[in-house]
1. How high is the relative contact order of the chain, in percent, with contacts defined as C-alpha pairs under 8 Å that are six or more residues apart?
2. Could you list the GluC sites (Glu not before Pro) in the stretch 1-83 that lie in coil according to DSSP, counting only those with at most 14 other Cβ atoms within 10 Å of their Cβ?
3. For the stretch 52-183, calculate the relative contact order in percent as a whole number, restricting contacts to Cα pairs under 8 Å that are 6 or more residues apart.
4. Just how far, in whole angstrom, is the stretch 240-306 from the stretch 113-173 if you go by their alpha carbon centroids?
5. Per the Kirkwood definition applied to all pairs of different Cα atoms, how many angstroms is the hydrodynamic radius of the stretch 86-235?
6. Using modelled amide H (1.01 Å from N, peptide plane; none on Pro or chain starts), what sits under 5 Å from the amide H of residue 175, excluding residues fewer than 5 places away?
7. Residue-wise, which Karplus ³J(HN,Hα) couplings in Hz belong to the stretch 88-96, taking 6.51 cos²θ - 1.76 cosθ + 1.60, θ = phi - 60°, and x for glycine or proline?
8. Based on the Cα gyration tensor of the chain, what are the three equivalent ellipsoid semi-axes, each the root of five times an eigenvalue, rounded to whole Å and given largest first?
Amino acid sequence: MEFKHISVLLNEVLENLNINPNGIYVDGTAGGAGHSKEIAKRLIGGHLYALDRDPDAVKTATERLSDLPATVIHTNYADMTSALAEKGITAVDGVLLDLGVSSWQLDNGERGFSYHTDAPLDMRMSQSGTSAADLVNTLDVQALTDILRDYGEEKFAYRIASNIVKQREKSPILTTLQLSDIISNSVPAAVRRDGHPARKSFQAIRIAVNQEFEAETEGITKAFDLLKPGGRLCVITFHSLEDRLVKNMFQEFSKGCICPPDIPICVCGRKPRGKLVTRKPIVPSDSEIKENARSRSAKLRVIEKI
């Protein structure tokens, strides 16, 4: 299956990275190399480092960037500092992070991300470590409830978790459609008519399997620390939990004095480390959404290092 992925908010990313042809750039989520290729094409004397934890993405990106000033590294973007240091890179001019699951991972049924296709219950971006089946068949009701509620904002988290545990007592839950059917049968009929009832739960389990929020927090912190003054960090998110995390981290980077309001003169000495380039997130145009329906929930936030 060909690795297909339509780059979301491509022009907006290229504009907001403010690319210096001689600069050093990082695409922390190379995927199908759509963003990476367009960034690298604009470099003359500069270099792009494209990172991904998914071996399929690494193979594809390596092929698609072979004739450009780019190096592909098989690593989690949360480990970008050490991965780049091995290449002699300790500061960069810009970083892009396109968070969440890729279209390739969703469309490649055998990877187990989709509730539309029957496949092994996997969901591992790295194709190694703990799988979705491992979590679903071993965690207790409370742990499963917490995952579904905290990572999927699922109202029926406890009911779904309880039914998962009841079902696995009869036989292990090993496929995506097994899990999808349990979820569908755990929610009211009205919920089943309002989009696919497994969407939130599959998102939640995927986030837990890949420890996405931990990686995002670590990756954003390291990306910002790597920036040179004037360098920019662009982050694309696809759901409200991710966007809230990015928004809060960017606000923290751009915060100055934290003295109590009743102190007339600043004594903390804290200075902002960055400035927000976008006060509100940039969203896809109507034409982009028409061409790529999956882009409709995308949001781009940008911060510049001071």
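1. 18 percent
2. Answer in residue order: 2.
3. For the stretch 52-183, the relative contact order is 19 percent.
4. 32 Å
5. Answer for the stretch 86-235: a Kirkwood hydrodynamic radius of 16.7 Å.
6. Those qualifying (amide H under 5 Å, at least 5 residues apart or on another chain) are 121.
7. Coupling constants for the stretch 88-96: x, 9, 10, 8, 9, 8, x, 9, 10 Hz.
8. Here the semi-axes work out to 35, 25, 18 Å.
The values are calculated or read from the model by the stated rules, or taken from the named source; none is laboratory data. Given the structure is predicted, the values throughout are model-derived calculations rather than measurements. Heads up, the Cβs are rebuilt from the backbone with ideal geometry, glycines too, and the neighbour counts pull from every protein chain shown. Just the protein is used for accessible areas: all its heavy atoms, side chains included, with ligands, DNA and RNA removed. Shrake-Rupley method; radii C 1.70, N 1.55, O 1.52, S 1.80 Å.
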